[in-house]
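Before any comments, here is the structure.
The values are calculated or read from the model by the stated rules, or taken from the named source; none is laboratory data. All figures in this text were calculated on a predicted structure; none of them were measured in a lab. With ideal geometry, Cβ positions are generated from the backbone for all residues, glycine too; neighbour counts draw on all protein chains shown. Calculation scope for accessible area: heavy atoms of the full protein, side chains included, ligands and nucleic acids excluded. Shrake-Rupley method; radii C 1.70, N 1.55, O 1.52, S 1.80 Å.
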Amino acid sequence: MAYVHEVGLVHRSTTELLRLSAAIVGELARRDVVRTNDAPIGQYAEWLAEQILGGSRVTNSNPAIDIVGTNEFGNVQVKARILRGGGMKDRQLSPFRSTTGPGYDFVLVLLFCSDFTVKRAVILSAGVVAGHGRHSAHVNGRIVRATDEFLSLGVDLTRRFNEFINADGS
């Protein structure tokens, strides 16, 4: 929150903040980091994954795969969360909805601190993910929480992601 004070956001009106937010998303789109006007964290995570793992981002309409053709991990679904309060709700990933058609080989879970540094970056096999969580009829998908125990079942890539962010200035 210190950054909010550093750049003077606390003195801006709500309308000014919304305009600034729209301008920032527009600039992120120009840089090809985001591709829609949705909240940028998921798209930023996909862009980071593409930069670090290789492969290519797929169209936004694909429910199961975000990155195709990575050298190390094949097809990857990316799940991202910002850890704000530290509770388990912060760790609930968006639902895994696709169970048909060609799917992902691995899932990359990126947990961001509120300043957008990467707290955890872990890649898990599709089989590990399928064995965790519960099905929810309400969201028509599998609900999984990125607990430390769950993340310990994958390969930790946190250092790799933070080195890229620090070197690139992204």
- Query: What translational diffusion coefficient, in µm²/s and rounded to a whole number, does the Stokes-Einstein relation yield for segment 1-83 at 10 °C and a viscosity of 1.306 mPa s, taking the hydrodynamic radius as the Kirkwood radius over Cα pairs?
  - Reply: 110
- Let me have the relative contact order for the chain, percent, based on Cα pairs under 8 Å that are six or more residues apart. 15
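Using the Cα centre of the chain as the reference point, and only Cβ charges (+1 on K/R, -1 on D/E), how large is the resulting charge dipole? Debye, rounded to the nearest 20.
Here the chain has a charge dipole of around 500 debye.
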- For peptides 73-85, 137-149, sequence by mean Cβ density within 10 Å, most packed first: 73-85, 137-149
- Item | Spatial extent of segment 43-133: Rg and Dmax, with the Cα atoms as the point set, Å | 12.8, 37
- Item | Shape of segment 113-170, Cα gyration tensor, a/c cut at 1.5 | prolate
- Query: In bins 10 Å wide, starting from 0, what share of all Cα pairs of the chain does each bin hold, as a percent?
  - Reply: 9, 35, 37, 15, 3, 0
- segment 49-89 -> Rg/Rh from Cα coords, Kirkwood Rh, value 1.11
- Message: Per residue, how much accessible surface does the chain expose to a 1.4 Å probe? Answer in Å², no decimals.
- Response: 58
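Considering only protein heavy atoms and a probe of 1.4 Å, how much of the accessible area of segment 31-170 is carbon and sulfur, as a whole percent?
In segment 31-170, the share of accessible area belonging to carbon and sulfur is 48 percent.
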- If each part is reduced to its alpha-carbon centroid, segment 110-170 and segment 28-106 end up apart, in Å, by 10
